[in-house]
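Trainee: For reference, the structure I am asking about is given below.
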Amino acid sequence: MDFDFSDEQKTIRDEARKLLSARCDRHRVRKLLEDKAPYDKELWATVAENGWLGTAIAEDFGGLGLGHVSLCVIAEELGRALAPLPVSSSLYLAAEALVLSGDTTMQQELLPALASGQLIGTLALSEAMLPQHALSRLKTRVVGGQLSGIKLPVPHGQIADFAVVVAHNENGGVGLYHVDLRGPGVETQPLQTIDAAQPQARIVFRDAPARLLSADGERIVPKLLDRASVLIAFEQIGGATAALESACEYAKIRKAFGRQIGSFQAIKHKLADMYTKIEIARSNAFYAAWALEADAPELALAAAAARLAATEAFEFAAKETIQVHGGIGATWEADPHLFYRRARALGSLLDSTPVWRDRLVEELERQFAA
Amino acid sequence: MDFNDTPEEAAFRAEARTWLSSVAAPRDTRTSFAIGQETGEFEAEFPAQRVWQQKKYDAGFGAIYFPQDVGGRGGTSLQNMTFMQEEARFDVPVTAHFMIVNRGCCSLLMKHGTPEQKALIPATLRSDLIWCQLFSEPAAGSDLAGLRTRAEKDGDDWVVNGQKIWTSNAQMADWGVLIARTDSNVPKHKGLTFFIVDMKSAGIERRPIKQLTGASNFNEVFFNDLRIPDAHRVGAVGEGWRVAVAFLSGERTNIAIKELMPLIGGIVNLARQTEINGRPAIEDGEVRARIASFYIREAGVRFTVQRMLTALSRGETPGPEITIGKYTLANLVQEMTAFALDLQHAAGAVMSPAFAPFDAVFQSEWFGSVIDRLGGGTDEVLKNVVGERILGLPEDIRVDKTMPFNQVGK
Ligand SMILES: Cc1cc2nc3c(=O)[nH]c(=O)nc-3n(C[C@H](O)[C@H](O)[C@H](O)COP(=O)(O)OP(=O)(O)OC[C@H]3O[C@@H](n4cnc5c(N)ncnc54)[C@H](O)[C@@H]3O)c2cc1C
């Protein structure tokens, strides 16, 4: 057993943190929010140059082949910096979907471009208020190689070059399809979102050319969501940790009743609770990171637990960071709402808490067979 | 990041499992949860626990991470954890008192003891000797440094007067670890000194206190001119606080190491057997939500322990995160057992083993869960520790912190 990041991974973490604090400070995050830009193009080019995007992509496909634990390390730093980048859509979702599909031709064509940042991909799965795991209820359909239907919301849909679309095939099964979002039959409408740096689009497909990647969607999609949820959990933990740090800092400088507010136990214990939830999430996420990289059978249980714990930690940290800041926490000028937005956006990105709880307990039921 | 055993770890695990299966029967994990809370009468339960500890010790599994020269195996903390995981699969009487107090005393003596004091370690590890922890007083629990028991030097002895309380298993103890005030003219943390006490000495009176479980496992202990030879002082005069703090942090870590997965399994099984709204409870959304939340915290603490063990095995200092373990688990056990009683509907209040599900184990563990939220530092005190030591927040107002102890309250 060796239950921590390696020295090499810790170096990756330190360098990522250094780069992001220089190139993606809060001012910059805020500027993008104010400019309503869907992502930070300059920063995207920088992280691509530094090889981050290819971290977990195999060397044969133009990546660095450093494995998924290393990508988790980067995810945590991206989350901590609230980086406005389409990493989750392009890598945790699109690249992972391509790998799981087993379609080597398309992998050869697309993975190198994802690793270099030349192309941005996404996953088009959600259909409004359907749970993402409810595959049998999808209405989008591919007939004769052409996709029709509406996907909403599609993360980074307005900037993605292509999507891996989950849709029914002619036989009622669920397939994964590659669709060129710049091609015919695709109408993309950007949506207003809780977090401008997690942009979403509504995409209407009308007989859009769709190339089958795998007809085994029922098996692949849950696994894809498990894998992506581990990476997102690290982003959530990074964000929660940054929120906690900002709340602690404020609790040390703000005075009320002649004392620093951090000396009041109502505040101190709230912050201790944040720390507790974050560490519970981090330890679950470590286990899930191992299961992700090892492709262990424990992944389903570990991913659900990491996802749930990280969602809870970030949401709690974000809302209580506002509370600790008092009135200023409710302003546009102060930073806490950036965490509040991101925490909620990531909480909605892959299925919701009730769905993941159900999946977690299914795994426990299996483990403790009647 | 690797969660699997290395070949050496796997070999140790196999060795432990082979030995365990040669001396013990597998536990029926559906009816027995082995969470090691002491809920019955210690005097009734201890003889079997002692025999089990002696057996383990003689086979080289009773003191795994202690060095060989004090009778240990010379192994690692990780091996100890591995052994505990394997042990939890068997129907054996594990004792919390041994793990927390006896072993804690040994660790303390390893670090601060004289050679003569260290000579007590092997018999303690084997459970031939039982120890007790004489820290808390009626007016000094969370605020332990406010204790009033006095020790005054008289020739080569110290003469001790005062009272301790909540002393677990003092009724059976051969030895005790004691913290007492040796100087009242300095602030409270500075005037304390640490001792070991032969509990057979004259001048010690023990009175049992009945606990909410009905058992009497803790005591009041009175000292009337108890004489302790200076050779039984641990650490320098006035350094007692430092020694006690090391003991307490070990105690908290040990409380955070608990196998709770069987209890979660028990709740899953219970939820299959009972009904809510005409359907098996396990199908109910709220039931599933609660079980998921139990698992997340259980796994969170379990893997936090693994992070600590990894740091130890890499020769690094573990991070502070283990501090969350004790209060998280203590609250978790209380919540889980209360929930299990809810699942039993009206039968949740029945304690007759013959008629309550799982021999009323959820009922008695529900009582037992109260203990871990208090002993070894309360929830509130530990959250102060997290806030102040880990997050660097300003201290609570502590009006008596810097004034000489004999001026406090004047
Ligand atoms: C079953 C059991 C076994 C025990 N065994 C032993 C033993 O073997 N040896 C031994 O020495 N002790 C033992 N103890 C004592 C235990 O360590 C103390 O009970 C504990 O430290 C709390 O102290 P107290 O009882 O004086 O409560 P108090 O300190 O009076 O606390 C009362 C309440 O006030 C809160 N409080 C106190 N200070 C603060 C603060 N600064 N901020 C916020 N809240 C605060 C506490 O959290 C608690 O809720 C045992 C206790 C139990 C229940």
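The values are calculated or read from the model by the stated rules, or taken from the named source; none is laboratory data. What you see is a predicted model, and the numbers here were worked out from it, not measured in a lab. Note: ideal-geometry Cβ built from the backbone for every residue, glycine included; neighbour counts use all protein chains shown. Each accessible area value is taken on the protein alone, full model and side chains, heavy atoms only, with ligands, DNA and RNA left out. Shrake-Rupley method; radii C 1.70, N 1.55, O 1.52, S 1.80 Å.
Trainee: Considering every residue in B:301-310, what mean count of other chain Cβ atoms within 10 Å of its Cβ is obtained?
Mentor: The mean count of partner-chain Cβ atoms within 10 Å per residue comes to 5.
Trainee: Related question: Taking the Cα centroid of segment B:94-137 and of segment B:146-216, what is the distance between the two, rounded to the nearest whole Å?
Mentor: 16 Å
Trainee: Normalised by the empirical 2.2 N^0.38 Å for globular proteins, what value does the Cα Rg of chain B take?
Mentor: 1.03
Trainee: Who wins for biggest fluctuation among A:TRP290, A:TRP52, A:TRP332 in a Gaussian network model of chain A, springs between alpha carbons below 10 Å?
Mentor: Result: A:TRP332 has the largest fluctuation of those listed.
Trainee: Please give the per residue volume of the convex hull enclosing the alpha carbon atoms of segment B:1-137, rounded to a whole number of Å³.
Mentor: 151 Å³
Trainee: Explain nothing, just compute: Karplus ³J(HN,Hα) = 6.51 cos²θ - 1.76 cosθ + 1.60, θ = phi - 60°, for every residue of segment B:213-222 in order, whole Hz, x for Gly and Pro.
Mentor: Per residue, the Karplus-derived 3J(HN,Hα) values read 6, x, 7, 10, 9, 10, 9, 8, 10, 10 Hz.
Trainee: Also: Between A:ASP7 and B:GLU395, with labels modelled 7 Å along Cα→Cβ, what's the label distance in nm to one decimal, could you check?
Mentor: Roughly 3.9 nm, to one decimal.
Trainee: Ranked highest first by the average count of other Cβ atoms within 10 Å around their residues, in what order do B:155-161, A:277-283, A:254-260 fall?
Mentor: Put in order of decreasing packing, that is A:277-283, B:155-161, A:254-260.
Trainee: Given a Förster distance of 35 Å, report the FRET efficiency between B:ALA338 and B:SER216 from their Cβ-Cβ distance, rounded to the nearest 0.05.
Mentor: Once rounded, the FRET efficiency stands at 0.90.
Trainee: Related question: So for chain A, considering every pair of alpha-carbon atoms, how many percent are separated by more than 31 Å?
Mentor: Across chain A, Cα pairs with separations above 31 Å total 33 percent.
Trainee: Provide the buried accessible surface between chains B and A in square angstrom, both chains summed, 1.4 Å probe, rounded to the nearest 100.
Mentor: 4600 Å²
Trainee: Tell me the mean residue ellipticity at 222 nm calculated for the protein assembly as shown from its helices only (DSSP H runs of n ≥ 4, each -39500 (n - 2.57), averaged over every residue, nearest 500).
Mentor: Helix-only estimate at 222 nm: -15000 deg cm²/dmol.
Trainee: Over 10 Å intervals from 0, what percent of Cα-Cα pairs in segment A:300-370 sits in each interval?
Mentor: 20, 37, 23, 14, 5, 1
Trainee: Which residue, B:ILE322, B:ILE390, B:ILE130, has the most motion in a Gaussian network model of chain B that connects Cα atoms within less than 10 Å?
Mentor: Most flexible of the set in this elastic network: B:ILE390.
Trainee: Still on this model: For chain B, modelled as a GNM with alpha-carbon contacts under 10 angstrom, which of B:ASP174, B:ASP69, B:ASP372 fluctuates the most?
Mentor: It is B:ASP69.
Trainee: Quick check: net charge around B:ARG13, other residues with Cβ under 12 Å of its Cβ, Lys/Arg +1 and Asp/Glu -1?
Mentor: Every neighbour counted, the sum reads -4.
Trainee: Shifting gears a bit: Within the set of other residues whose C-beta is less than 10 Å from the C-beta of A:ARG28, count the net charge using Lys and Arg as +1 and Asp and Glu as -1.
Mentor: Around A:ARG28, the surrounding residues sum to +1.
Trainee: Restricting to Cα atoms and excluding each atom paired with itself, what does the Kirkwood estimate give for the protein assembly as shown in Å?
Mentor: 28.7 Å
Trainee: Out of A:ALA75, A:ALA37, A:ALA56, whose Cα points farthest toward the positive end of the dipole of segment A:7-116 (charges: +1 Lys, Arg; -1 Asp, Glu; placed on Cβ)?
Mentor: A:ALA37
Trainee: Extent of segment A:121-216 along each principal axis, from alpha carbon coordinates, in Å, largest to smallest?
Mentor: Computed over segment A:121-216, the largest-to-smallest principal extents equal 38, 28, 18 Å.
Trainee: Would you tell me the mean number of C-beta atoms belonging to other protein chains that fall within 10 Å of each C-beta in A:263-269, as a whole number?
Mentor: Whole-number average of other-chain Cβ neighbours for A:263-269 is 5.
Trainee: Report the net charge of residues surrounding B:LEU263, where surrounding means a beta-carbon distance below 10 angstrom and charges are Lys +1, Arg +1, Asp -1, Glu -1.
Mentor: -2
Trainee: Distance from the Cα centre of segment A:293-334 to that of segment B:338-371, in angstrom?
Mentor: 34 Å
Trainee: Let me know the number of lysine pairs in chain A closer than 23 Å at the Cα, not counting same-chain pairs under 8 apart.
Mentor: Count of close lysine pairs: 21.
Trainee: Counting partner chain Cβ atoms within 10 Å of every residue's Cβ in B:381-390, what's the average?
Mentor: Per residue, the number of nearby Cβ atoms from other chains is 5 on average.
Trainee: Taking only protein heavy atoms into account and a 1.4 Å probe, give the accessible area per residue of segment B:305-410 in Å².
Mentor: Here the per-residue accessible area is 45 Å².
Trainee: Could you tell me how many cubic angstrom of Cα convex hull volume segment A:219-369 has per residue?
Mentor: 107 Å³
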